[in-house]
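Notes follow once the structure below has been shown.
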Amino acid sequence: MAHILVVGGNPDLRKLLQMLPRRQYILAEAPSVAAAMEPLRTSPEPLIMLWFLSWPYPEDLTLLTCIEQEPTFGPHRCLLLTTNSEGLSGEVGQRL
């Protein structure tokens, strides 16, 4: 069974994801990057992180740094979602 962590996004979008049938996955929410850090560090299961990248993104840069540098982050996978592709031309885009 897949374990999905939804990071960021507006509350309505997170509510919509909660309404999807959960036959093949377990869904957890982290309304902010700060709230996502603990499950990313401690989950015994690999997580699929649905990351709603926001702008401006100082918190997002923090999460990228942790993913890149902390060996305590497990073998997680990330799906990045954004509505602002222009922002990906900067530092975040280069690091992805």
Looking at segment 1-28, which of its residues are touching a Phe, Trp or Tyr at 6+ places or on another chain (Cβ under 7 Å) and either among the aromatic types (F, W, Y) or loosely packed, with under 12 Cβ neighbours inside 10 Å (or both)? M1
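Table: residues versus (1) outside any helix (DSSP H, G or I); (2) modelled with pLDDT of 80 or more; (3) more than 14 Å from the chain's Cα centre (by Cα); (4) on the phi < 0 side of the Ramachandran plot.
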| residue | (1), (2), (3), (4) |
| --- | --- |
| E29 | yes, yes, no, yes |
| L40 | no, yes, no, yes |
| W51 | yes, yes, no, yes |
| L79 | yes, yes, no, yes |
| T83 | yes, no, yes, yes |
Can you pull out the residues in segment 63-75 that are touching a helix residue (DSSP H, G or I) at 6+ places or on another chain (Cβ under 6 Å), at pLDDT 75 or above and of a type outside the set (F, W, Y)? L63, L64
All but one of (1) among the aliphatic types (A, V, I, L, M); (2) at pLDDT below 80; (3) surrounded by fewer than 16 Cβ atoms within 10 Å (Cβ to Cβ) hold for A34; which doesn't? (2)
Top-ranked residue in segment 53-77 [being in contact with a strand residue (DSSP E or B) (Cβ under 8 Å, 6 or more places away or on another chain), of a type outside the set (S, T, Y) and in a loop (DSSP other than H, G, I, E, B); ranked as nearest to L5 (Cα to Cα)]: H76
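The values are calculated or read from the model by the stated rules, or taken from the named source; none is laboratory data. Small disclaimer: the values here were computed from a predicted structure and weren't measured. Here Cβ is always computed from backbone atoms with ideal geometry, including for glycine, and neighbour counts include all displayed protein chains.
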